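I have placed the structure first, in the form of C-alpha cells, so that the comments after it can refer back to it.
The values are calculated or read from the model by the stated rules, or taken from the named source; none is laboratory data. Quantities reported herein were computed from a predicted structural model and do not represent experimental measurements. With ideal geometry, Cβ positions are generated from the backbone for all residues, glycine too; neighbour counts draw on all protein chains shown. The protein model used for the area step is the full one, side chains on, heavy atoms only, and it has no ligands, DNA or RNA in it. Shrake-Rupley method; radii C 1.70, N 1.55, O 1.52, S 1.80 Å.
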Amino acid sequence: MSALSGDSIGAAGKQAVSASDAAKSLIMRGNRLDSRELFSTEREIIIVHGEEHYRLRLTSQNKLILTK
C-alpha cells in the first residue's frame, strides 16, 4: 500500500501532485496502521474516498481531526 504526501487541492477538487511529492510505503499489520507512519513527515494528509477528498490532521495536542 502506498500514499502520496501533499495537500494541494485544485479548484475542481482534485489533488494536484507535483514533482516534489514522493510515494511512501506504509506497513499494515492486519487491519492496523500506525499513525506515526502516516504523520512521519507531514501533519496533514489527504484521503481520497471515491470522488470525495478528506483531510486528516494531527493537532498540537496529538489528536486526530478528519474533515471533508
Selection within the stretch 23-46 - under 11 Å from the mean Cα position of the chain (by Cα) and under 17 Å from Lys63 (Cβ atoms):
Ser35, Leu38, Phe39, Glu42, Arg43, Glu44, Ile45
Please indicate, with yes or no, whether at least one residue in the stretch 13-36 is touching a strand residue (DSSP E or B) at 6+ places or on another chain (Cβ under 8 Å), open to solvent by less than 70 Å² (accessible area, probe 1.4 Å) and modelled with pLDDT of 90 or more.
yes
